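Down below is the structure, laid out as C-alpha cells.
The values are calculated or read from the model by the stated rules, or taken from the named source; none is laboratory data. The structure displayed is predicted, hence computed values, not measured ones. Positions of Cβ are generated from backbone atoms using ideal geometry, with glycine treated the same way; all protein chains shown enter the neighbour counts.
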Amino acid sequence: MTSHHDPQATEPTTDQRPQQRSSPGWEWRPASGHESQPLAEWWVEQAVVKVVAVIARRAHRRGDTRTFQRMLAVSLAGADAEKAAARSDQDDHA
C-alpha cells in the first residue's frame, strides 16, 4: 500500500517566516496580523528585543538591579507601544 504525502503538511506556512525577495524594503505581514512593515525594520526590532533581554538577564545574574530595571522598563515600554499601535490600526480599520 502506498501512502500519499502532502508536502504542505510539514512545511511552515509563508506567513510564519519571512521570505527572501530580490526587491529591497518589500512588505511582509507578520503572522500576528499587525500592520505591514519593511522587512529591515522588522529584523531591527527583533534584534533590539533580543539585546534588551540579554542585557536584562546578565544584569539580573550580577545583581545589578538598576540596569535590570532599566531594561525591564524598555521592554515594557516597547510592548505598550506595540499594543497602542495595534489598537490604532484596529481603529483605522473600524
Result of the Cβ filter at 8 Å on region 42-65, keeping first residues that are under 15 Å from GLY78 (Cα atoms) and partners that are surrounded by 13 or more Cβ atoms within 10 Å (Cβ to Cβ) and polar (S, T, N, Q), at least 6 apart or interchain, is VAL49/SER75; VAL52/SER75; ALA53/SER75; ALA56/THR67; ALA56/SER75
Could you tell me whether any residue of region 71-86 is among the basic types (Lys, Arg), part of a helix (DSSP H, G or I) and at pLDDT 90 or above? no
